[in-house]
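Trainee: There's a structure below that I have some questions on.
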Amino acid sequence: MAKQHKFETEAIRTQTERSQFLEHSTPLYLTSSFVFEDAEDMRASFAEEKERDIYSRYGNPNSTEFIDKVCKMEGAENGFAFASGMAAVFSTFATLLDSGDHIISARNIFGSTHSLFTQFFPKWNIDHSYFSINELDKIDALVTPKTKILYAESPTNPGVDVIDLEVLGQIAKKHNLIFIVDNCFASPYLQQPIKFGADLVIHSGTKLMDGQGRVLAGITVGSADLIDKIYRFSRMTGPSLSPFNAWVLSKSLETLSLRVDRHCENALKLAQFLEGHPKVNWVKYPFLKSHPQYEIAKRQMKAGGCVVAFEIEGGVGAGRNFFDAIKMLSLSANLGDARSIVTHPASTTHSKLSTKDRLATGITDGMVRVSVGLEHIDDIIADIEQALDS
């Protein structure tokens, strides 16, 4: 068995086999298809008697390298890479669910995932039930004979709530459910849900994995049996990641640990500043001692991540003034970028939710989500401070 290296080393040294040119850095394989030696090679390849690339919708050396890295980071057996995070979410669920099945999910989830559950899956007779992140003891009562999947994000988007993944893993095992975790906000550097019982882990590679807002990507990793099902669904439906984006992401993962360390350092300092500001009603960041799930975060995460959520005093009007007064930070809906980003979830990422649903997950009209970037922390704080005081 090959020696297991540290996280940072695996991120750099996991690489496709070198070609006859003995390149040091993995080349970009911009090809739609791959050739065969002869008729028998072609037959055996399509019969899956050989492990090799056939067509880039199925697999490509660049996407394979990206998948291999994430699998090592997450402790997964295999994975499949997608064109976006939501392609990963949809394809994973679509693979595993049949008409009549039931999902149990945390209420605090990304707006687009909520829309899948409430607007699209009902068309195929797939139902869902939500649980409160503070009432995990009530999940057992939601389980039905049709329940197949237990799903959660941690930390959550956009409120950075933290869910006890070990408890969820125990519940899933007790009821023989497939336990799926969206680990996007943490990244595999800060948290590995498989350690806590997750069967599958989903990421939007667009966020911290890329880290510079350049490409769209998604990935699902986990048990080999489940990934094989996802692969077979996806090779027919076509949501696979492009070789170019896979190449960019694999390079980005080489610096993931360095970048996330700085993201977390800056985010904690910003959260501590905001706690003392008179125009801020509340602040949430997993590694703030005032966070409701601080002890859980410390137990299952290495650090708190790049996202800080807070509420501005004064409601919608004050929030509008704040966003209009921002000078350096970007007004965008992305996160995990080197550039700090401020977002108003109620009118952007979670605008498709009803007011009742938004408030049920803690998304108030005055909530601000900050994806804290890699600029000097003094400059980040100065921009937010002047916008709050404007």
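Trainee: Taking a quarter of the surface of the Cα convex hull of the stretch 282-387, what do you get in nm²?
Mentor: Averaged projected area of the stretch 282-387's Cα convex hull equals 7.1 nm².
Trainee: Anything over 24 Å Cα to Cα? Flag those among Lys72/Lys251; Lys123/Lys146; Lys6/Lys50, in the order listed.
Mentor: Lys6/Lys50
Trainee: Moving on to the next point. Give the accessible surface of the chain per residue, rounded to a whole number of Å², with probe radius 1.4 Å and ligands, DNA and RNA excluded.
Mentor: Here the per-residue accessible area is 44 Å².
Trainee: Which entries in the list Lys207/Lys289; Lys69/Lys207; Lys269/Lys289; Lys69/Lys148; Lys173/Lys195; Lys269/Lys352 go over 22 Å, if you measure between the two C-alpha atoms of each?
Mentor: Where the Cα-Cα span goes over 22 Å, the pairs concerned are Lys207/Lys289; Lys69/Lys148; Lys269/Lys352.
Trainee: If packing is taken as the mean number of other Cβ atoms within 10 Å per residue, what is the order of 197-207, 42-52, highest first?
Mentor: Ranking, from highest mean packing down: 197-207, 42-52.
Trainee: Just need the relative contact order of the stretch 130-242 here, percent rounded to a whole number, with Cα pairs under 8 Å and 6+ apart.
Mentor: 18
Trainee: Still on this model: Net charge around Ile312, counting only other residues with Cβ within less than 13 Å of its Cβ (Lys, Arg = +1; Asp, Glu = -1)?
Mentor: For residues surrounding Ile312, the net value is -3.
Trainee: Can you give me the C-alpha center-to-center distance between the stretch 104-135 and the stretch 303-368, rounded to a whole angstrom?
Mentor: That distance is 22 Å.
Trainee: Suppose each label sits 7 Å from its Cα in the direction of the beta carbon; what would the Ser32-Lys269 distance come out to in nanometres?
Mentor: 5.0
Trainee: How large is ³J(HN,Hα) for each residue in the stretch 378-390, as worked out from phi by the Karplus curve 6.51 cos²θ - 1.76 cosθ + 1.60 (θ = phi - 60°), to whole Hz, x for Gly and Pro?
Mentor: Going residue by residue, I get 4, 6, 4, 5, 4, 5, 5, 5, 5, 6, 5, 8, 6 Hz, with x marking Gly and Pro.
Trainee: With only Lys, Arg, Asp and Glu charged, each at its Cβ (+1 for the first two, -1 for the last two), find how big the charge dipole of the stretch 12-155 is about the Cα centre; round to the nearest 20 debye.
Mentor: Around 520 debye, computed over the stretch 12-155.
Trainee: Between the helical axis of 85-96 and the dominant principal axis of the chain, each derived from Cα atoms, what acute angle in degrees is found, rounded to the nearest 10?
Mentor: Approximately 60 degrees, to the nearest ten.
Trainee: For the chain, what does the helix formula give at 222 nm: sum of -39500 (n - 2.57) over DSSP H segments with n ≥ 4, over the residue count, nearest 500 deg cm²/dmol?
Mentor: It comes out at -11000 deg cm²/dmol, rounded to the nearest 500.
Trainee: List the aspartates and glutamates whose alpha-carbon lies under 15 Å from that of Lys229, not counting same-chain residues fewer than 8 positions away?
Mentor: In chain and number order, the partners are Glu48, Glu77, Asp98, Asp199.
Trainee: How much length would be gained if the chain were fully extended between Ala318 and Lys6, taking 0.36 nm per residue of separation minus their Cα-Cα distance, in nm to one decimal?
Mentor: 107.7 nm
Trainee: Evaluate the distance, in nm, between pseudo-label points positioned 7 Å from the Cα of Gln20 and of Asp140 along their respective Cα→Cβ axes.
Mentor: Taking the simple label geometry, Gln20 and Asp140 are separated by 6.5 nm.
Trainee: Glu48 to Trp282: extension gain in nm, 0.36 nm per residue of separation minus the Cα-Cα distance?
Mentor: Contour length minus the Cα-Cα distance gives 78.7 nm.
Trainee: Related question: Once phi is turned into θ = phi - 60°, what whole-Hz ³J(HN,Hα) does the Karplus curve with 6.51, -1.76 and 1.60 give for every residue of the stretch 160-175, x standing for Gly and Pro?
Mentor: My calculation for the stretch 160-175 gives 6, 6, 10, 10, 6, 5, 5, 5, 4, x, 5, 5, 4, 5, 4, 9 Hz in order.
Trainee: Let me ask something additional. Along the charge dipole of the chain, pointing to its positive end and built from +1/-1 on Cβ of Lys, Arg, Asp and Glu, which listed residue (Ile109, Ile171, Leu353) has its Cα farthest out?
Mentor: About the Cα centre, the residue reaching furthest to the positive side is Leu353.
Trainee: Could you order peptides 76-84, 268-276 by the average number of other Cβ atoms within 10 Å of their residues, highest first?
Mentor: Ranking, from highest mean packing down: 76-84, 268-276.
Trainee: Grab the beta carbon distance between Asp379 and Lys298, set R0 = 25 Å, and tell me the FRET efficiency rounded to 0.05.
Mentor: 0.30
Trainee: What Kirkwood radius, in Å to one decimal, follows from the Cα pairs of the stretch 90-241?
Mentor: In the stretch 90-241 this quantity evaluates to 15.8 Å.
Trainee: While we're here: Using a 1.4 Å probe on the protein chains only, how many percent of the accessible area of the chain belongs to carbon and sulfur?
Mentor: Carbon and sulfur together cover 52 percent of it.
Trainee: Same structure, new question: Count the net charge of all other residues whose Cβ sits under 13 Å from the Cβ of Met328, scoring Lys and Arg as +1 and Asp and Glu as -1.
Mentor: -3
The values are calculated or read from the model by the stated rules, or taken from the named source; none is laboratory data. Only a predicted model underlies this, so the values are computations on that prediction, with no experimental measurement involved. Note that we place each Cβ from the backbone using ideal geometry, even for glycine, and neighbour counts take in every protein chain shown. Side chains are part of the model used for accessible areas, which takes the heavy atoms of the whole protein and leaves out ligands, DNA and RNA. Shrake-Rupley method; radii C 1.70, N 1.55, O 1.52, S 1.80 Å.
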